[in-house]
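The values are calculated or read from the model by the stated rules, or taken from the named source; none is laboratory data. This structure is a prediction, so every number in the text was calculated from the model and none was measured. Neighbour counts are summed over all protein chains in view; Cβ atoms, including those assigned to glycine, are modelled from backbone coordinates with ideal geometry. The area values use the complete protein model at the heavy-atom level, side chains included, leaving out ligands, DNA and RNA. Shrake-Rupley method; radii C 1.70, N 1.55, O 1.52, S 1.80 Å.
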Amino acid sequence: MRFLLITRSEDDPWRMHLEETLAPLGCLDVVEKDLAIDQVLKRNYVAIVVDAAAVSEFSILVARIRAQIPQARVIVTTASPTWQRAREAFQAGATDYVERSLNASDLFASLEAALAKPVMPWP
Amino acid sequence: MPKRILFVENEERFLKERKDSLEQEGYEVIPAYNPTEARRAFDQYRVDLAIIDIRLIDDTDEKDISGLMLAKETASSIPKIILTRFPTYNAVREAYGPNLDELPAAVDFVDKTEGPDALLRAVRRAFRIGTRYFRASQDEIREQLNKDHQEAREEANTQYRWSLTISILCAVVIIGGIGLALFRDVTAGVVSSLAGLGGEFVTYLFFKQLEHAHRRVDRFNEELLQTKRVETLLAACDQLSSDETKELVIAQIINTAARNWLVSSTQRSQNAGPLRIRGASNGEEPSE
């Protein structure tokens, strides 16, 4: 399985953490926001993880991804979740909005739960 | 005809204030103060939209999610707005999470302290996207059903071919055994015939498996037909000239379809009667 992380830069320390966490499931590609849509169109990803802290106006990016690929599973991650941003993410078409935990088992559990969720229709 | 909103809220004063503001905008509002009243109203009225508070039983109990449960249990063809005075990001995740039919339980989430304008905006948005959600989900359902139907037919065809081949081979062995017993060696002939009969028994077991595959094809045929009927009706609605009539007819189609699906799936789970095997192995469409 192949995952895509959209983040600020490839040097993001959380990227390493995510890569290790996702290792049992598959491999992780990393891309910056500006190249995200091109990358999404190039490969068939199981899930696209959007780092909300690194992408300003993440909801626009999520909506653009869903508009391009309606069946895409987009998971928004954040270090400080709020209900307003959660609403924004879901209204933009995100499959889930999860906390960016540094605990590997917590992160794995939340990503696994997000992967089990069906992708909602994109109206 | 005004659009009808079911407002489920246990705070009477708050409900009255919001009901007045919605009525000023031309909506018809039916109040319900608890989950039981709400379920009754869902059965009794044609509801175009439901606004549901999360804590319907005890406002002081943070474990009270009776409103969310109500939103998840009732037909997802009716768009719902979740309302709360205690918003959390987990409550938002629950509200936008999938129902049993994999559609979101709610189309919007509003904090009570955001004021009447936020609720009005959410109501307008819900009416705008509610039907589109249903149509988008119809497309996905059809695609999935087509895929499952194809798989079930392939499974049935493979099992049918195997059963037929084994049956023919066994028949040859039985005939050969009889010939052997009559003209050459009686013992070898009897053993051969018994082996052939054993093979026919195995074929019978294969046929029993085949029945299961046929039952699956039967079910997918039925569901495909239901989906196609709804699609045809929705397509016919686009020809209606008045937007108001169009919305009303679409709402009726959606409600009827949801009810039919519920009834047929309940009947299917209760039905333990004889099998109805229809042309699965030869690709025929079922007759109604």
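Quick notes on this one:
- Computed [θ] at 222 nm, helices only, for the protein assembly as shown once each DSSP H run of length n ≥ 4 contributes -39500 (n - 2.57): -20000 deg cm²/dmol
- Spin-label model, A:Glu20/B:Ala118: points 7 Å from Cα along the beta carbon direction are separated by 4.0 nm.
- Calculated FRET value between B:Glu28 and A:Glu99, using beta carbons and R₀ = 60 Å, to 0.05: 0.90
- Across peptide A:78-90, the average count of Cβ atoms from other chains found within 10 Å of a residue's Cβ is 5.
- Added length on full extension, which subtracts the Cα-Cα distance from 0.36 nm per residue, B:Asp111 to B:Gln150: 9.5 nm
- Residue ranking by accessible heavy-atom surface, 1.4 Å probe, largest first, among B:Asp20, B:Asp108, A:Asp38 comes out as A:Asp38, B:Asp20, B:Asp108.
- In straight-distance terms, cross-link reach from A:Lys33 covers every one of the lysines whose alpha-carbon lies under 28 Å from its own, apart from those fewer than eight places away in the same chain; here that gives A:Lys42, A:Lys117.
- The solvent-accessible area of B:Glu12, taken with every protein chain present and a 1.4 Å probe, is close to 130 Å².
- Taking the Cα centre of the protein assembly as shown as origin and assigning +1 to Lys and Arg Cβ atoms and -1 to Asp and Glu Cβ atoms, the resulting dipole is close to 960 debye.
- Peptide packing: for A:64-74, A:83-93, the average count of neighbouring Cβ atoms within 10 Å per residue gives the ranking A:83-93, A:64-74, highest mean first.
- Cα-based reach from B:Lys3 at 16 Å (exclusive), listing lysines while leaving out same-chain residues under 8 positions away: B:Lys19, B:Lys80, B:Lys246
- Put the Cα centre of the stretch B:57-108 next to the Cα centre of the stretch B:182-210 and the gap is 62 Å.
- Note on the protein assembly as shown: semi-axes of the ellipsoid equivalent to its C-alpha gyration tensor, largest first and rounded to whole Å, are 51, 31, 19.
- Cβ-derived FRET efficiency at R0 22 Å, B:Gln44 paired with B:Glu11, nearest 0.05: 0.45
- Exposure check, 1.4 Å probe, all protein chains in place: A:Ser105 carries approximately 80 Å² of accessible surface.
- Efficiency of FRET from Cβ geometry, B:Lys228 and A:Gln71, R₀ 22 Å, rounded to 0.05: 0.50
- The coefficient of translational diffusion for the stretch A:2-116, derived via Stokes-Einstein from the alpha carbon Kirkwood radius under 10 °C and 1.306 mPa s, stands at 115 µm²/s.
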